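Working notes, structure below.
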Amino acid sequence: MASITSVELNYLVFRYLQESGFTHSAFALGYEAGINKCPIDGNLVPPGALITFVQKGLQYLEMEANLSNSDADVDEDFSFLQPMDLITKDVNELRRLVKERRRSLRKDREKESEKERDRERKRGRDSRRHDRDKDHVQDGDGKEKDEKSGRLKDEKGGKEKEEKSAREKDEKAGKEKDEKAGKEKDEKSKLQDGLSVKETVVDREEKSAVKNDEAGASADPEPMDICPETPKLECEISASDVTILEGHTSEVCACAWSPSGSLLASGSGDSTARIWTIADTSSRSLNASSNVVVLKHVKGKTNEKSKDVTTLDWNGDGTLLATGSYDGQARIWNMNGDLKSTLSRHKGPIFSLKWNKKGDYLLTGSCDKTAIVWDVKVEEPKQQFEFHSGPTLDVDWRNNNSFATSSTDNMIYVCKVGDNRPVKTFAGHQSTASNGTQLDHYWPLVRMITLQRFSNVPIAFCSAE
């Protein structure tokens, strides 16, 4: 078995310190160990990798100890797993492997049991036939006729039962087929009207959440529902419909359209956010000096990661832009790039922020394991929520007063402004619950924003180029 290298171990420890909020320790280790020069792709390493690696090592040692005993001590359903299975697969996949084997063994046992029951029934029929033949010799032809009539009646009754059971199965299968066809037809109709299956599921969850809010807070975590897969729609975008925005000198961490649709904001590791004015033009490239406003977050030159602009969001009418950065501060800017206010309370990097629809509250989530609702008018925290045991990676409003937060602790909390306890708690994720943002999303060199037009609708995204 291949052993772990010192470079890999240093990176796992660095990620552990970073995810746990030990910013200074992580910086010191990263500087001395040269983490920024190591060949490891941070996007492939999931959060909590060091803890998972140690736990799976203990599991492997325990399994190895069990296998060293005599075969008599090993359960017949015990399935030996390779070390790479323990490292690369999560608990659910390992359980699935064992469950599949148990299910296969159970099916084999059921088949054998069914064969044994058939043999028993056959022996019983042979025994009864032998007894009837014996009675026929003693009682004469009259009794033989009675027995023959009884047999015919039993066989006829058995055939009627089998036919009835077959009809019921056919009717049930027909109903299931009709229901499935109806569902597929409804889903197709929703896609044609511009609604996706995912939106329908979200609406249903929101309605359920409203009912639960009215009924009162829930004390126990609820399991997560599994959303059905959304049908994939293939499309091609021609090169003439692509516009590239260049100007950032480091990785681009986030981008967001204003509600008006003519302004695009982007945040980067170069300590700036930029507001791009996107005209309806066929030009394929916009350079740094045209149609862009630069929002500088740090004055002077610095090499610290605290300069990264990690997240941003427009308010409802598109007049204000909020940005969050690795220094733990949220900033609010107007459309012209003027800094309106700076919100300082977090003790760790901010990875997500969102305006509510009314525009009077700004919600921020941080690596310090908390979420804060800010009163924008007075530029002060309205309430700070400290429920998570790990960094808060993503936040989102449900309405003007309630919202949800997700974290590396695999938990989702639904909270309400003014309440000191979560309105709802959801558990069930086996890995980090977030919008896909990893703690090291600012490491790859993502320096360009690409605009593509699909059915005359501009779409912005970042790419590693």
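Annotations for the structure displayed:
- If you filter the range 271-290 down to residues that are within 22 Å of Arg331 (Cβ to Cβ) and open to solvent by 20 Å² or more (accessible area, probe 1.4 Å), you find that the one that is modelled with the highest pLDDT is Arg274.
- Taken over the range 337-375, the criterion of being open to solvent by 60 Å² or more (accessible area, probe 1.4 Å) and more than 21 Å from Gly267 (Cβ to Cβ) is satisfied by Lys357, Lys358, Lys369.
- Residue in the range 382-402 that is modelled with pLDDT under 95, open to solvent by 20 Å² or more (accessible area, probe 1.4 Å), at positive phi and of a type outside the set (Gly, Ala, Ser) present: no
- Flag if Asn303 is over 31 Å from the mean Cα position of the chain (by Cα), surrounded by fewer than 16 Cβ atoms within 10 Å (Cβ to Cβ) and at pLDDT below 75: yes
- Residue in the range 97-119 that is modelled with pLDDT under 75, assigned to a helix (DSSP H, G or I) and either surrounded by fewer than 11 Cβ atoms within 10 Å (Cβ to Cβ) or hydrophobic (A, V, I, L, M, F, W, C) (or both) present: yes
- Within the range 385-398, residues that are under 15 Å from Gly48 (Cβ atoms) and touching a residue at least 60 places away in the same chain (Cβ under 8 Å) sit with their Cβ atoms under 8 Å from residues that are open to solvent by 10 Å² or more (accessible area, probe 1.4 Å) and part of a strand (DSSP E or B), at 6+ positions apart or across chains, in these pairs: Pro391/Phe351.
- Failed condition for Val378, given (1) open to solvent by 10 Å² or more (accessible area, probe 1.4 Å); (2) of a type in the set (Val, Ile, Thr); (3) part of a strand (DSSP E or B): (3)
- Enumeration of residues in the range 1-38 that are closer than 20 Å to Ser407 by Cβ and open to solvent by 70 Å² or more (accessible area, probe 1.4 Å): Tyr16, Phe22
- Search result, residues across the range 315-335 that are among the hydroxyl-bearing types (Ser, Thr, Tyr), open to solvent by 10 Å² or more (accessible area, probe 1.4 Å) and closer than 20 Å to Asp394 by Cβ: Tyr326
The values are calculated or read from the model by the stated rules, or taken from the named source; none is laboratory data. All figures in this text were calculated on a predicted structure; none of them were measured in a lab. Every residue, glycine as well, gets a Cβ built from its backbone with ideal geometry; the counts of neighbours run over all protein chains shown. Accessible surface is based on the protein model in full, side chains and every heavy atom, while ligands, DNA and RNA are left aside. Shrake-Rupley method; radii C 1.70, N 1.55, O 1.52, S 1.80 Å.
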